[in-house]
1. What about residue 199, is it under 18 Å from residue 173 (Cα atoms), at pLDDT 95 or above and not aliphatic (A, V, I, L, M)?
2. When the residues of the stretch 3-34 are filtered to those that are without any contact (Cβ under 8 Å) to a residue 40 or more places away in the chain and of a type in the set (Gly, Ala, Ser), which remaining residue is nearest to residue 73 (Cα to Cα)?
3. Among 268, 212, 257, 204, which is open to solvent by 10 Å² or more (accessible area, probe 1.4 Å), part of a loop (DSSP other than H, G, I, E, B) and closer than 26 Å to residue 139 by Cα?
4. Mind listing whichever residues of the stretch 242-287 are touching a residue at least 40 places away in the same chain (Cβ under 8 Å) and of a type in the set (S, T, N, Q)?
5. If I ask for residues that are within 19 Å of residue 165 (Cβ to Cβ) and part of a helix (DSSP H, G or I), which ones from the stretch 271-293 would you list?
6. So which residues in the stretch 272-283 are open to solvent by 10 Å² or more (accessible area, probe 1.4 Å) and hydrophobic (A, V, I, L, M, F, W, C), if there are any at all?
7. Just one of 92, 61, 97, 109 is open to solvent by 10 Å² or more (accessible area, probe 1.4 Å) and closer than 18 Å to residue 154 by Cα; which is it?
8. Residue under question is residue 161, and the condition is that it be open to solvent by less than 10 Å² (accessible area, probe 1.4 Å), more than 29 Å from residue 243 (Cβ to Cβ) and modelled with pLDDT of 95 or more; does it hold?
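The values are calculated or read from the model by the stated rules, or taken from the named source; none is laboratory data. This is a predicted model, so every value here is computed, not measured. Virtual Cβ from ideal backbone geometry, glycine too; neighbours counted across all protein chains shown. Just the protein is used for accessible areas: all its heavy atoms, side chains included, with ligands, DNA and RNA removed. Shrake-Rupley method; radii C 1.70, N 1.55, O 1.52, S 1.80 Å.
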Amino acid sequence: TIPENVKPGYPLLHPLTNVAEAPFHLGAINMTNKAGYLYYRALVEYAVNRYTDPSKKHGWVSGFIVGNELQAHWEWYNMGDVSTDVFVEEYVKALRVADLAIRKTHSKVKTYISMEHHWNCLTITSTHANDPKRSIKGKDLVERINAWSKAQGDFPWNIAFHPYPETIVRPEVWLDKTALYNFNTPKITFKNVEVLPAFMKQKRFLYKGKPRNIILSEQGINTVDEPDGQLLQAAGYAYAYYRVSHIPEIKAFMFHRHSDSLAEGNLRFGLLTADDPPRKKRIYEVFRLADTDQWQQAFEFAKPIIGIKDWSEILPKTITGDDN
């Protein structure tokens, strides 16, 4: 059943959204007419007013992410079969309106674009294989958003990135073959996540002379159905956390997810199992102690699994854009 808010004619739904075939019923924001603009602006202004209320009675939100995993827009921000030029132009309108509505209320609250780990290759899923009308290379997306924002008046958009392992089913991120240490890497995963802040430090991407904010807003390490599945997941997290903690340009690392979800099929990213009651997995204590002075003891088990003798062996590399 198609939800009411993704049926044709709903004011917030972009008219190019393929309602019938959109895999997850996640349409693009309608910025093509006054009604869509006003509904969207009202929604953003309401949210930012509510969640930056000085009393904090509703909690506090420090940033808003517009859309989800834009490279795979057919799944996560559906605008139908559309050219990259049209997609970016329509998206940047929504991004800019969100930024203006947010900073109207609170100057420190940030607006983010959402990206998954495909960087210089197209996302391939069961609904599109190398289809440039259903996906965009991450590098191309950033370049085009930057060009649009610079041409029409720059504004402080930021990046919410998802550096899952190259094959999200496998937890051994340190083995990723498509995660290279240069700006043309096919994917950006935990193995080469330092590529993203290095890329965004280039002069043309700066906003008022400073790099844009980067957060890791959704990523997990899967538990494979193998005897050492939980151990591999925990080692993958230790590897990821250590590397990210040494990249000061990355401001947040939000792990997906708290507990396994049966709705995600063979993906079990949780710190807890989906049992009733849930059980703590091997990763639980590693996660709990990661930012304490006990991290070395908690992470020690992972070194022989990763294939290192000292954590300094996996420190982030200096990226110039020309490395292999």
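1. no
2. Only one residue fits best here, namely 20.
3. Numbers: 268 fails: closer than 26 Å to residue 139 by Cα; 257 fails: closer than 26 Å to residue 139 by Cα; 204 fails: part of a loop (DSSP other than H, G, I, E, B).
Exactly one of 268, 212, 257, 204 is open to solvent by 10 Å² or more (accessible area, probe 1.4 Å), part of a loop (DSSP other than H, G, I, E, B) and closer than 26 Å to residue 139 by Cα, namely 212.
4. Once the filter is applied, which keeps residues that are touching a residue at least 40 places away in the same chain (Cβ under 8 Å) and of a type in the set (S, T, N, Q), the stretch 242-287 yields 245, 266.
5. Initially, the stretch 271-293 is screened for residues within 19 Å of residue 165 (Cβ to Cβ), giving 271, 281-283, 286-287, 290.
Within the stretch 271-293, 283, 286, 287 meet the criteria.
6. Matches in the stretch 272-283: 272, 274.
7. 97
8. Numbers: open to solvent by less than 10 Å² (accessible area, probe 1.4 Å): yes; more than 29 Å from residue 243 (Cβ to Cβ): no; modelled with pLDDT of 95 or more: yes.
In short, no.
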